[in-house]
Amino acid sequence: MVKLKKDNLIIAKKKFNSRLIVGTGKYKTMSECAEAIKLSGAEIVTVAVRRVNIIDKKKPLLMDYIDPKKITYLPNTAGCFNSKEALRTLRLAREIGGWTLVKLEVLGDKKNLFPEMIETLKSTEILSKEGFQVMVYCNDDPLMAKRLENVGACAIMPLAAPIGSGLGIQNKVNIKIIRSQTKLPIIIDAGLGQASDATIAMELGCDGVLVNTAIAKAKKPFEMAKAFKNAVIAGRQSFLSGRIEKSLMGNPSSPIEGII
């Protein structure tokens, strides 16, 4: 029997078995959040420092439900609209929990929630110089993705569609271009709506996906968590297997010579 090589997700030299990253927001309760994460098999969870309680011991603490010794916390800057806010938030996260692997998210407006790329690029460079390993939420622009790599990003996280929209991947071509020009991990972030979207992302050659709303707001969050887990695995296996060439003409599955 041939022994298969371990296929880990590697971010900032850290190895993870799961290629699914999940958020901790929008769930009805923290216990529901914890159970969904367990069922998803995710080993990284995003934590909105400005929104999720990780300080006030008088209120329910996320750490009481999700053990940071077993699950990697990825502090993010959700709700930040400029570089100053984002930098302050992540510096605070480092002071609170010693976290240096972080997700940078600087939004341009409160309606569309698209990334503000000028502020994002500036913040990435500053944080990288300060010793942070920065996973960067960005648009699907290959040129900007390359600039993020050049200023020190440790992972590129292009959106599939607007945050929480559930529209799925809207620009496969740009995702493929970004994949072709970088060796950094590419994590599809934002806009996925169902498990098949995750499979498509993985088949495009992405290293992982980040999902929050699609699981948290599903009619059956636990079942959707399991669906995304399986979809990511299937998509990765499909990508590594090497798909057949596309053809405009038919190609019979069985021989056409020597038939009865």
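Each reported figure results from applying straightforward, stated rules to the coordinates on display, with no laboratory input. Note that the structure is a prediction, hence the values are computed from the model and not measured. Neighbour counts run over all protein chains shown; Cβ positions are idealised from the backbone, glycine included.
Things to note:
- Candidates I96, I71, I233, ranked by Gaussian network fluctuation over the chain, Cα under 10 Å, top entry: I96
- Acute angle (nearest 10 degrees) that the helix 117-129 long axis makes with the longest principal axis of the chain, alpha-carbon atoms: 70
- In this structure the amide hydrogen of G166, modeled in the peptide plane, comes within under 5 Å of the amide hydrogens of G191, L192, none closer than 5 places in sequence on its chain.
- Stretchable slack from S238 to Q181, in nm (0.36 nm times residue separation minus alpha-carbon distance): 18.4 nm
- Shown in residue order for region 168-184 are the 3J(HN,Hα) couplings computed by the Karplus curve 6.51 cos²θ - 1.76 cosθ + 1.60 at θ = phi - 60°: x, 6, 9, 9, 5, 4, 5, 4, 5, 5, 4, 4, 6, 10, 9, 9, 5 Hz (x for Gly and Pro).
- About the centre of its Cα atoms, region 57-202 shows a dipole size close to 300 debye [charges on the beta carbon of Lys, Arg (+1) and Asp, Glu (-1) only; nearest 20 debye].
- Projecting the Cα atoms of L39, A190, T89 onto the dipole axis of region 17-238, where Lys and Arg carry +1 and Asp and Glu carry -1 at the beta carbon, places L39 farthest toward the positive end.
- Distance between the modelled labels on K38 and N112, one decimal in nanometres: 4.2 nm (7 Å Cα→Cβ projection).
- Comparing mean-square fluctuations of Q133, Q170, Q181 from a GNM of the chain with C-alpha springs under 10 Å, the top value falls on Q181.
- Sparse-neighbour loop sites [GluC sites (Glu not before Pro); region 87-160; at most 15 other C-beta within 10 Å; DSSP]: E130
- If the chain linking S31 and F81 were pulled fully straight, counting 0.36 nm for each residue of separation and taking away their Cα-Cα distance, it would gain 15.0 nm.
- Amide H contacts of A48 (H built 1.01 Å from N, in plane; Pro and chain starts excluded): T24, N76 sit under 5 Å, all sequence-distant by 5 or more or on other chains.
- Taking G242, G205, G166 in turn, the Gaussian network model of the chain (Cα-Cα springs below 10 Å) assigns the largest fluctuation to G242.
- Length released on extending from K246 to E95, taking residue separation times 0.36 nm less the Cα-Cα span: 49.1 nm
- Whole-Hz Karplus values for region 232-247 come out as 5, 4, 5, x, 5, 4, 5, 4, 5, 6, x, 5, 6, 5, 6, 9 Hz, taken residue by residue from phi with 6.51 cos²θ - 1.76 cosθ + 1.60 and θ = phi - 60°; glycine and proline positions read x.
- For V106, residues with placed amide H under 5 Å, excluding near neighbours: E116
- In this simple spin-label model, placing a label point 7 Å from the Cα along the Cα-to-Cβ direction at both K219 and N17 gives a separation of 3.2 nm.
- Karplus-derived HN-Hα couplings along region 136-151 (A = 6.51, B = -1.76, C = 1.60, θ = phi - 60°), whole Hz, x at Gly and Pro: 10, 6, 8, 6, 9, 8, x, 5, 5, 4, 5, 5, 4, 4, 5, 9
- Restricting attention to region 17-238, close to 5% of DSSP beta bridges with both partner residues there are antiparallel.
- Cα-based helix-to-principal-axis angle, 83-97 vs the chain, degrees rounded to 10: 80
- In the chain, the longest principal axis of the Cα atoms and the axis of helix 30-40 are about 30 degrees apart.
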